[in-house]
Every structure is written in structure tokens, then in C-alpha cells.
Amino acid sequence: MVKEALEKEAWIILTTHTRIEKVNVLQNCIVSAMTEYADYLSGSKLPKVEYSVLTDEKHGKYQLLAVGWEKKERIYSIIFHTDIVGEHIWIQ
């Protein structure tokens, strides 16, 4: 599903003319991909772990986090971090 959405959004990026339109498309692609992956991970075997998509659209920063507990161990992990810089996606 993400692949089809990204292909559609990539076509929009190629055919749009303003920077704001391109950045909006990039934001939508990133959030869609991270949300779908978070949903996929939610079906994993780790108990009491929540997967969250954090977005800061003003500054173009996006993260997918795993937060919770497994037995007595605290889980806090950045699974995916990306920024939009100019009209490009930077995977950190």
C-alpha cells in the first residue's frame, strides 16, 4: 500500500511547481509510511510496547518510536528518523 502511495505522490512531486506543494507531498509520504510501519510493528510479540509517530511539520522532523516495557526492561528506541531539508528527505 505504501509503495503505491509513494509512486502516486512521486508523480505529484514531479508535476507540481511550488516548493510548498512539494514539501506537503513529502510530509504526507513520510507520515503514511511511518504510520503503516507502526501498525505492522504493533502486531509484534513485544508486550506493552507502543509505536508512535512523532511529527514536527514546522521544522520538517519525523520519528517513529518504540516506547514501553518488556519485563523489567525499559524500551525507548528511535526506529526511524527523517528530516525534510529544502525539497529533499534526509534519513538520519
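The values are calculated or read from the model by the stated rules, or taken from the named source; none is laboratory data. All figures in this text were calculated on a predicted structure; none of them were measured in a lab. Reconstructed Cβ throughout: ideal geometry from the backbone, glycine too, with neighbour counts over all protein chains shown. Ligands, DNA and RNA are excluded from the accessible area calculation, which covers all protein heavy atoms including side chains. Shrake-Rupley method; radii C 1.70, N 1.55, O 1.52, S 1.80 Å.
Structure data summary
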item: Ranked order, T82, T18 - accessible area, probe 1.4 Å, largest first; result: T18, T82
item: Under 5 Å, built H, 5+ apart or other chain: amide partners of I79; result: L64, L65, A66
item: Karplus (6.51, -1.76, 1.60) ³J(HN,Hα), θ = phi - 60°, over the stretch 48-56, in Hz, Gly and Pro reported as x; result: 6, 10, 10, 9, 10, 9, 9, 10, 10
item: Accessible heavy-atom area order of V67, V25, highest first, probe of 1.4 Å; result: V67, V25
item: Solvent-accessible surface (1.4 angstrom probe) belonging to D83, in square angstrom, nearest 10; result: 10 Å²
item: Modelled label reach - D39, point 7 Å along Cα→Cβ, the stretch 59-92 residues with backbone N closer than 19 Å; result: 63-66, 80
item: Segment K72-H88, extension gain: residue separation times 0.36 nm, minus the distance between their alpha carbons; result: 1.7 nm
item: Sequence-distant residues sharing a close amide H with E50 (under 5 Å, placed H); result: V67, G68
